[in-house]
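Enquirer: Let me begin by handing over the structure; questions about it come next.
The values are calculated or read from the model by the stated rules, or taken from the named source; none is laboratory data. Since we're looking at a predicted model, the values are computed, not measured. FYI the Cβ positions are ideal-geometry reconstructions off the backbone, even for glycines, and counts take in every protein chain you see. Protein only, heavy atoms only, side chains kept; ligands, DNA and RNA dropped before computing areas. Shrake-Rupley method; radii C 1.70, N 1.55, O 1.52, S 1.80 Å.
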Amino acid sequence: MSNILCEFPYNDHKHIALVKLNRPKVLNALSTDLMRELVDKLFELDDNPEVRVIILTGNDRAFAAGADIAQMVEATPIDQINNNRFRSWQQLAQITKPIIAAVNGYALGGGCELAMHCDFIIAGDSAKFGQPEIKIGTTPGAGGTQRLTRAIGKSKAMMLAMTGEMIEAKQALDWGLVAKVVPSTTLMQETYETAKNIANKAPVAIKLIKESVNKAFEMSLSDGVDFERRNFYLTFSSSDQKEGMRAFLEKRDPEYKGN
Ligand code: CAA
């Protein structure tokens, strides 16, 4: 059975791909094979000119309950260095198209970290987030201490990582970890509506926004604003910028070509 499923389920929108984590018996525990398959699939979708937005999801019980503990329990540091355990995680940052995490159920440890690697998170009201690695004698390893701290601030990130406690979707919304909370039963429909909204925008400008927002975590304010300005100028070399502004002035819907 494949650890990853990929579908194009939205007949009225061929530009949206749905990727599902598929190890339901172990709450989508993120084995190294799963992570490799996930990254391979995301690279394939990133290279596919038809695809404009990717939705990443799990199932009703779990987005993912973390790295695969059974696979890690007896590992040595040298095994992990030799297996290049985090290579797939580093490669996630190379995807240029928007990825929306649609989270129902548990997003814990590596599962929370994977959701945070996505561009934003839409949570069903059943979602639970946390970094429980401390309960099994270790620490977050795929960016949790860094991304959670940037998302919700030091005090709350410290408390979650040190206690291993989970927070509910509503709390995650109040703390700024997720963009939106919706009823769990309508999560996929609501996420699709947001994906459709983005897929209908100029694709190159969307990629440049992703790049610019992500730079906010890496650069000083003045360097980041300079980076943003150059991306703004760059959009003026696209046909989509001309089309978007002309369509506005002509009071019609734009038709973007992605160039
Ligand atoms: N790895 C491997 N297997 C896991 C798993 C994980 N992270 N999480 C759950 N499973 C397995 C369980 O072992 C169980 O398998 P069996 O049916 O064969 O016994 C199955 O999934 C169902 O889990 P539970 O019976 O435990 O379900 P529950 O509803 O009672 O509890 C839970 C759910 C609270 C999420 C609990 O499963 C849990 O605490 N899971 C571990 C969470 C965790 O510690 N995650 C961090 C992992 S380390 C990490 O992620 C490091 C990193 O940053 C890279």
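Enquirer: Given the structure, is Ala172 over 18 Å from Ile16 (Cβ atoms) and not basic (Lys, Arg)? I'd like the intermediate steps shown before the answer.
Expert: On the way: over 18 Å from Ile16 (Cβ atoms): yes; not basic (Lys, Arg): yes.
The answer is yes for Ala172.
Enquirer: Within the set of pairs 6+ apart or on separate chains, which have a first residue in the stretch 25-40 that is farther than 14 Å from Thr57 by Cα, a second that is open to solvent by 30 Å² or more (accessible area, probe 1.4 Å) and of a type in the set (Ser, Thr, Tyr), and C-beta atoms under 9 Å apart?
Expert: Matching pairs, first to second residue: Glu37/Ser2.
Enquirer: Ok, one more. State all residues of the stretch 149-193 that are in contact with a strand residue (DSSP E or B) (Cβ under 8 Å, 6 or more places away or on another chain), assigned to a helix (DSSP H, G or I) and either within 15 Å of Pro132 (Cα to Cα) or open to solvent by less than 20 Å² (accessible area, probe 1.4 Å) (or both); if no residue qualifies, say none.
Expert: Leu160, Ala169, Ala172, Leu187, Thr191, Tyr192
Enquirer: Looking at the stretch 248-259, can you tell me whether even one residue there is in contact (Cβ under 8 Å) with a residue 60 or more places away in the chain and open to solvent by less than 90 Å² (accessible area, probe 1.4 Å)? Before the answer, list the steps.
Expert: Within the stretch 248-259, the subset in contact (Cβ under 8 Å) with a residue 60 or more places away in the chain is 258.
So of that shortlist, the ones also open to solvent by less than 90 Å² (accessible area, probe 1.4 Å) come out as 258.
Looking for residues that are in contact (Cβ under 8 Å) with a residue 60 or more places away in the chain and open to solvent by less than 90 Å² (accessible area, probe 1.4 Å), one finds at least one in the stretch 248-259, hence yes.
Enquirer: Here is a further query. How many residues does the stretch 36-59 hold that are touching a helix residue (DSSP H, G or I) at 6+ places or on another chain (Cβ under 7 Å) and either within 13 Å of the ligand (Cβ to nearest atom) or assigned to a loop (DSSP other than H, G, I, E, B) (or both)?
Expert: Number of matching residues: 3.
Enquirer: Can you pull out every residue in the stretch 27-70 that is closer than 30 Å to Thr185 by Cβ and among the acidic types (Asp, Glu)?
Expert: Glu37, Glu50, Asp60, Asp68
Enquirer: Take the stretch 75-110 and flag every residue that is more than 16 Å from the ligand (Cβ to nearest atom), more than 23 Å from Lys25 (Cβ to Cβ) and open to solvent by less than 50 Å² (accessible area, probe 1.4 Å).
Expert: Ile95, Lys97, Pro98, Ile99, Ile100
Enquirer: Which pairs turn up if I take residues in the stretch 216-227 that are open to solvent by 90 Å² or more (accessible area, probe 1.4 Å) and look for partners that are polar (S, T, N, Q) with beta carbon separation below 9 Å, at least 6 apart in sequence or on another chain?
Expert: Phe217/Gln146
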